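The values are calculated or read from the model by the stated rules, or taken from the named source; none is laboratory data. It should be emphasised that the depicted structure is a prediction, and the values quoted were computed from it without experimental measurement. Cβ sites come from the backbone with ideal geometry, for glycine too, and all protein chains shown count toward neighbours. Quick note on the areas: whole protein, heavy atoms, side chains included, nothing else; ligands and nucleic acids left out. Shrake-Rupley method; radii C 1.70, N 1.55, O 1.52, S 1.80 Å.
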Amino acid sequence: MARTREFDEQTALEGAMRLFWQRGYQAASLNELLEATDLSRSSFYETFGTKRELLLATLRHYAESSMSGLIEPLRHPDAGRAQIEQTLRGMVRHALSEQGQRGCLVNNCTTEVAPHEPEVLQAVREVRGQLEDAFAKAAARGQRDGTVTSPEKPRALARFLVNTLSGINVAARSRPGKAMLDDIVRVALRALD
């Protein structure tokens, strides 16, 4: 008879995500991960397998939880230019918060782990791809309704906007002022004209 798991996997993922975000993948030790997830060694291995598999699970969790709230305006069925602007301005508010000053877990993994781990590289590409798709749909709708007048293809605009969000997240780690981040958004929005 199989034993029932006696822990909440989402809570464990939250703990691991916070630790990877704070310490980085390489610096996070197994003992720290066990403490952060509140799991025994056997439960850890049974549930997640390896540290890398746990990181992959936390990236998926991040995309579904932390990141999804930040890009909520883009998920609106009629998302267009206004929702692109809401998303960028929301990112500025987030970047100025204590949580935002940790940067972005996806960005952190892109620079620390992805160059050496093909599965992590694929996972960060998937998360960025979801964000790019959302921006591309909003840019296309904006072009159709005339609020986005740039002749660039929606996909190209989306790639630029994803890169802009990444830049805001990187800048957040240096604790910039609001005026600096507002400048980034103002100039980025001009790319839509």
Selection status of residue 186, open to solvent by 20 Å² or more (accessible area, probe 1.4 Å), in a helix (DSSP H, G or I) and touching a residue at least 60 places away in the same chain (Cβ under 8 Å): no
Criterion violated by residue 175 - all others in (1) in a loop (DSSP other than H, G, I, E, B); (2) within 14 Å of the chain's Cα centre (by Cα) satisfied: (2)
Segment 56-76, residues that are open to solvent by 30 Å² or more (accessible area, probe 1.4 Å), within 13 Å of the chain's Cα centre (by Cα) and over 24 Å from residue 35 (Cα atoms): 69, 70, 72
Qualifying residues in segment 145-163 (those that are in a helix (DSSP H, G or I) and free of Cβ contacts under 8 Å to residues at least 24 places away in the same chain) - the one nearest to the chain's Cα centre (by Cα): 163
Pairs with Cβ under 9 Å, 6+ apart, first in segment 7-24 and under 14 Å from residue 52 (Cβ atoms) and in contact (Cβ under 8 Å) with a residue 24 or more places away in the chain, second of a type in the set (Lys, Arg) and open to solvent by 50 Å² or more (accessible area, probe 1.4 Å): none
Checking residue 22 against (1) farther than 30 Å from residue 149 by Cβ; (2) in a loop (DSSP other than H, G, I, E, B), the condition it does not meet: (2)
First in segment 121-134 and touching a residue at least 24 places away in the same chain (Cβ under 8 Å) and under 11 Å from residue 106 (Cβ atoms), second anywhere and open to solvent by 60 Å² or more (accessible area, probe 1.4 Å) and of a type outside the set (Val, Ile, Thr), Cβ under 8 Å, 6 or more apart: 123/60
Leading residue by the ranking (most open to solvent (accessible area, probe 1.4 Å)) among those in segment 156-183 that are under 17 Å from residue 87 (Cα atoms) and basic (Lys, Arg): 159
Considering residues of segment 100-137 that are outside any helix (DSSP H, G or I) and open to solvent by less than 80 Å² (accessible area, probe 1.4 Å) only, the residue farthest from residue 63 (Cα to Cα): 117
Check on residue 53, assigned to a helix (DSSP H, G or I), surrounded by fewer than 17 Cβ atoms within 10 Å (Cβ to Cβ), free of Cβ contacts under 8 Å to residues at least 24 places away in the same chain and of a type in the set (Asp, Glu): yes
Search result, residues across segment 57-79 that are out of contact with any Ser or Thr (no Cβ under 6 Å at 6 or more places or on another chain) and farther than 23 Å from residue 173 by Cα: 57, 75, 76, 77, 78, 79
Yes/no for residue 12 being under 30 Å from residue 193 (Cα atoms) and either in contact with an Asp or Glu (Cβ under 9 Å, 6 or more places away or on another chain) or crowded, with 19+ Cβ neighbours inside 10 Å (or both): no
